[in-house]
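The values are calculated or read from the model by the stated rules, or taken from the named source; none is laboratory data. Worth saying up front: this structure is predicted, and the values here are computed from it rather than measured. Don't worry about glycine lacking a Cβ; one is built from the backbone with ideal geometry, like all the others, and counts go over all protein chains shown. What goes into the accessible areas is simple: the full protein's heavy atoms, side chains included, and nothing from ligands, DNA or RNA. Shrake-Rupley method; radii C 1.70, N 1.55, O 1.52, S 1.80 Å.
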Amino acid sequence: LESLYQEEILELARVARKISPLIDHTLNYTSRNPICGDEVSVFLYVNNIGRVEKYGHKVRGCALCEASAGLVSKKVVGLEINSLININEYATNWLNGMVDNFIFEEIKSFTPVKDYKNRHKCILLSFNALSGACR
């Protein structure tokens, strides 16, 4: 299990802890894991041409949940919401080894988690929340 919590993942979790929810958001969505109680809420401020201008989140979960939210927080600003609608499916396919590439190159930090299917949901909560907010 130590490989799951390598320094890159812990650094992304630290990044996530510095992010707050947005008060002036235009879109938001909360994704929950009812089994363990983890929860990620994503808040986006989207401009009139459909680009994310501001991002915020609230994370209640393990270091893997925090790390995936940290990754999203570093990459989402400036992207069009239409390109993010199915990001949860792309992340799922990457974790399951169905694709090698992903829109966020840093997802490779989560490579050790691919072997632990029971931890995939932890990583996917942030991507599910992001996708839900964009729909």
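Restricting attention to region 1-50, which residues are surrounded by 15 or more Cβ atoms within 10 Å (Cβ to Cβ) and free of Cβ contacts under 8 Å to residues at least 40 places away in the same chain?
Listed by number, the residues that qualify are LEU22, HIS25, THR26, TYR45, VAL46.
Tell me, which residue of region 56-74 that is out of contact with any strand residue (DSSP E or B) (no Cβ under 6 Å at 6 or more places or on another chain), open to solvent by less than 30 Å² (accessible area, probe 1.4 Å) and of a type outside the set (A, V, I, L, M, F, W, C) is nearest to SER109 (Cα to Cα)?
SER68
Quick check on my filter: what residues within region 85-110 are closer than 18 Å to ALA69 by Cβ, free of Cβ contacts under 8 Å to residues at least 40 places away in the same chain and of a type outside the set (Asp, Glu)?
TYR90, ALA91, THR92, TRP94, LEU95, PHE102, ILE103, PHE104, ILE107, LYS108
Could you grab me the full set of residues in region 75-90 that are touching a strand residue (DSSP E or B) at 6+ places or on another chain (Cβ under 9 Å) and assigned to a loop (DSSP other than H, G, I, E, B)?
VAL76, VAL77, GLY78, LEU79, LEU84
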